[in-house]
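Let me begin by presenting the structure, written as structure tokens, before commenting on it.
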Amino acid sequence: TFEGGEKVEQVFAGIKAAGQAVMDNLEKVGSLIKNVFTFNFSGAKKDLKELGDAATEAFNKMAALKKREQELHRDQLANDLDQAERAKKLAILREQASDEDVPLAERKKALIDLREEAKKNAEEDIKLAKAQTENLIAQKTLQKDGALKNQDEINAAKIKQINVETDNANELRRIDKQITAANKQEAAERNEILKAEQERIKEHN
């Protein structure tokens, strides 16, 4: 089953991490071998337990991280679908916001609705990108010197997260500029109406 396949993936990721944990503790392996050949069985037992504990901990952590990665992948698929729906709504709102034939009040409302949709979109995208980055870093730094060995992948993940944050921030700024322009136009129209009314009163008097 698909669920079974995911569990197998978790197990193999855990086994690989456990093997790496043993490799990261080669001095303990050397101590174990030495103690066995010098008949220091209490020392060998202690070494074996410490190796087993390190491997078990690495297995459990990596299996859990792999499971979380799978969950985040499903979340990303759902977010991609939601994002497509939001993109369609945003395109309609953008068209309304820039249509000069639409009354200013309606265009301004469309812009405000657009900002709310974009803000919701940004929050969801950034939250998911952050969770994915944290999970990848946790996996890549589980082994000894993992931050150094996997710095290219870690850096790429961080850049991807920053790009998601930047793209969403830029979108919100563009909408805010349009709202500011609409407010200025609205104020200018009110001033024109007020000026015309003042001129009419002056002429009447």
**Complete:** With the first residue restricted to the stretch 60-81 and required to be closer than 15 Å to residue 140 by Cα, and the second required to be surrounded by fewer than 17 Cβ atoms within 10 Å (Cβ to Cβ) and among the charged types (D, E, K, R), Cβ contacts under 7 Å at 6 or more apart or on different chains are 66/9
**Prompt:** Does residue 172 satisfy the condition of being in a loop (DSSP other than H, G, I, E, B) and surrounded by 10 or more Cβ atoms within 10 Å (Cβ to Cβ)?
**Reply:** no
**Fill in**
Of 12, 39, the only residue that is assigned to a loop (DSSP other than H, G, I, E, B), open to solvent by 90 Å² or more (accessible area, probe 1.4 Å) and free of Cβ contacts under 8 Å to residues at least 60 places away in the same chain is 39
**Message:** Checking residue 19 against (1) at pLDDT below 95; (2) open to solvent by 40 Å² or more (accessible area, probe 1.4 Å); (3) in a helix (DSSP H, G or I), only one condition comes out false. Which one?
**Reply:** (2)
**Prompt:** Among the listed residues 129, 84, 138, 122, which satisfies the condition of being under 30 Å from residue 55 (Cβ atoms), at pLDDT 85 or above and assigned to a helix (DSSP H, G or I)?
**Reply:** 138
**Prompt:** Given the structure, is residue 105 assigned to a helix (DSSP H, G or I), modelled with pLDDT under 85 and surrounded by fewer than 14 Cβ atoms within 10 Å (Cβ to Cβ)?
**Reply:** no
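A quick yes/no check of all residues on (1) under 14 Å from the mean Cα position of the chain (by Cα); (2) assigned to a helix (DSSP H, G or I); (3) not aliphatic (A, V, I, L, M):
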{"site": "147", "(1), (2), (3)": "no, yes, no"}
{"site": "154", "(1), (2), (3)": "yes, yes, no"}
{"site": "160", "(1), (2), (3)": "yes, yes, yes"}
{"site": "168", "(1), (2), (3)": "yes, yes, yes"}
{"site": "180", "(1), (2), (3)": "no, yes, yes"}
{"site": "189", "(1), (2), (3)": "no, yes, yes"}
**Message:** Being open to solvent by 90 Å² or more (accessible area, probe 1.4 Å), in contact with a helix residue (DSSP H, G or I) (Cβ under 6 Å, 6 or more places away or on another chain) and charged (D, E, K, R) is true for just one of 68, 86. Which residue is that?
**Reply:** 68
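The values are calculated or read from the model by the stated rules, or taken from the named source; none is laboratory data. Just so you know, these numbers come straight off a predicted model, no measurement behind them. Glycine gets a Cβ as well: all are built from the backbone with ideal geometry, and neighbour counts include every protein chain shown. Each accessible area value is taken on the protein alone, full model and side chains, heavy atoms only, with ligands, DNA and RNA left out. Shrake-Rupley method; radii C 1.70, N 1.55, O 1.52, S 1.80 Å.
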